[in-house]
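What follows is calculated from the coordinates using simple rules that are stated; it is not laboratory data. Predicted, not measured: the structure shown is a model, and the values here were computed from it. Every residue, glycine as well, gets a Cβ built from its backbone with ideal geometry; the counts of neighbours run over all protein chains shown.
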Amino acid sequence: MADTITVAALGDSLTQGYGLPRDEGFVPQMQEWLTAHGADVEVLNAGVSGDTTAGGLRRVAWTLTDDVDAMIVNLGGNDFLRALDPANSRQNLRGILEAAQEADVDVMLVGLAISNNYGPDYKEQFEGMYTDLAAEFDVPLYPDYFAAMNASGLPREDLMQRDGIHPSAKGVAITVEDLGPKVLEWLETVQ
């Protein structure tokens, strides 16, 4: 068991598995996918529905226990839904990445491509925070949690819950199928 890599998934409802049976959310599906592909890994669910990047920053210290070797950070959706200033979101994510760096925990950042609801400047600043921070901290970036679902060609109603915000179990499976190989590759670099 000493070689098992423990990965904390720090996020919001997309990580927590909002509206889904316990075994059909992001964390259990990612755990199952990684195990099926030979990874000796334990994925911990540190997702809290409704959380913002500020909430993630407040929780990161107790998420980064001595057992955690790596962390997937998937935050920002609620910042967007609340039209929070991307400059503040960027600072919160920077704080999370700094805390992980201080704890010597490897990070993979998961971003979001957003709609143009608040104008092109907001969209550019919001999406840019992920690419900029990934480059600054030299961490892998999966640019858009919903990319594989959007590219699947399947009807959106099959991939999303009725609220139109959270993925269905099928939608999560598509994300995991696309993200899984990137996580597996990243885990090979985790010490």
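When the Cα atoms of the chain are enclosed in a convex hull and the volume is divided per residue, what value in Å³ results?
On the way: hull volume 21.3 nm³, N = 191.
So the per-residue hull volume is 112 Å³.
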ask   = With the calculation restricted to Cα positions, what are the radius of gyration and Dmax of segment 30-71 in angstrom?
value = 12.5, 35
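Dividing the alpha-carbon radius of gyration of segment 77-184 by 2.2 N^0.38 Å (N being the number of residues), what value is obtained? Write out the running numbers ahead of the final one.
Working: Rg = 14.8 Å, N = 108, 2.2 N^0.38 = 13.0 Å.
Normalised Cα radius of gyration, segment 77-184: 1.14.
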inquiry  = Defining a contact as two alpha carbons under 8 Å apart and six or more residues distant in sequence, what relative contact order in percent does segment 1-49 show?
reply    = 53
message = Restricting to DSSP H runs of at least four residues, report the calculated mean residue ellipticity at 222 nm for the chain, -39500 (n - 2.57) per run over all residues, nearest 500 deg cm²/dmol.
response = -14500 deg cm²/dmol
For segment 96-151 and segment 1-49, distance of Cα centres in Å = 19
task = Taking 7 Å along the Cα-to-C-beta vector as the label spot, tell me the Ala36-Asp138 distance in nanometres, rounded to one decimal.
result = 3.5
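What is the antiparallel percent of DSSP beta bridges lying wholly in the chain, to the nearest 5? Walk me through the numbers on the way to the answer.
On the way: 1 of 19 bridges.
Roughly 5 percent of the beta bridges in the chain run antiparallel, per DSSP.
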remark   = Between Ala8 and residues 5 or more places away or on another chain, the pairs with built amide H atoms under 5 Å apart involve Leu44, Asp69, Ala70, Met71, Ile72
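Using a ≥ b ≥ c from the Cα gyration tensor of segment 1-67 (square roots of the eigenvalues), is it rounded, prolate or oblate, where a/c under 1.5 gives rounded and otherwise the larger of a/b and b/c decides, a/b for prolate? Walk me through the numbers before you get to the answer.
Working: a/c = 3.23, a/b = 1.26, b/c = 2.57.
Note, shape of segment 1-67 comes out oblate.
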ask   = Which is the longest run of the chain containing none of the trypsin sites (Lys or Arg not before Pro) found in DSSP loop states (not H, G, I, E, B) with at most 16 other C-beta atoms within 10 Å?
value = 1-81
